[in-house]
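Q: I'd like to ask some things about the structure below.
The values are calculated or read from the model by the stated rules, or taken from the named source; none is laboratory data. Being a predicted model, the structure only gives us computed values, none of them experimental. FYI the Cβ positions are ideal-geometry reconstructions off the backbone, even for glycines, and counts take in every protein chain you see.
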Amino acid sequence: MNSLLSFDDAYIERIDKETEEVLAKETTEFLKQTIGYFKKHKNEFLFVESKSFDKVRTDSVSFEVDNAFGTYDVMLGLKFPKKYASKIKEQLKKQLETEEAPFDLMFNGDDGLWDLNFTFNYVSGFKEDMTIGEAYGLIFSFLHKLVGAVEENTE
């Protein structure tokens, strides 16, 4: 797991996709399960909030299985100005291991964040048998590289 990521202060919830009702508040113990949990519980997504995510310009990261494609999806709000659109897209295309564009990036003017959704299966290091905690560590590393590259190319 990434040494910059800590779940010590994490707020973790399992949420129903349709109603957005909180099904359960979880402890870090839940993160020891494999990500396959979400293939068995396709009606749920996981919401994790942590101060550690400040280092990668977000507050929280959500994780789920796409009902139609059966892929793992990551959703978050990325804190970059709107003018960084091309740099963010360029870096996402470099980092995700596919010719397709397995991500959606849209600027939300209401909260000034980039709504970013991407297919986790295309992140280098992805394994079907990884734990949820390992998945969040890999997501954090992915975002750390993304944010570093965007910051480097814009300053």
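Q: Check the stretch 78-85 and report whether any residue there is in a helix (DSSP H, G or I), touching a Ser or Thr at 6+ places or on another chain (Cβ under 9 Å) and without any contact (Cβ under 8 Å) to a residue 24 or more places away in the chain.
A: For the stretch 78-85, residues in a helix (DSSP H, G or I), touching a Ser or Thr at 6+ places or on another chain (Cβ under 9 Å) and without any contact (Cβ under 8 Å) to a residue 24 or more places away in the chain: present.
Q: Taking the stretch 106-125, which residues are more than 18 Å from residue 141 (Cβ to Cβ), surrounded by 15 or more Cβ atoms within 10 Å (Cβ to Cβ) and at pLDDT below 95?
A: 113
Matching residues to (1) of a type outside the set (A, V, I, L, M, F, W, C); (2) within 20 Å of residue 140 (Cβ to Cβ); (3) at pLDDT below 95; (4) assigned to a strand (DSSP E or B):
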site: 12; (1), (2), (3), (4): no, yes, no, yes
site: 20; (1), (2), (3), (4): yes, no, no, no
site: 25; (1), (2), (3), (4): yes, no, no, yes
site: 30; (1), (2), (3), (4): no, yes, no, no
site: 53; (1), (2), (3), (4): no, yes, yes, no
site: 61; (1), (2), (3), (4): no, yes, no, yes
site: 64; (1), (2), (3), (4): yes, yes, no, yes
site: 67; (1), (2), (3), (4): yes, no, yes, no
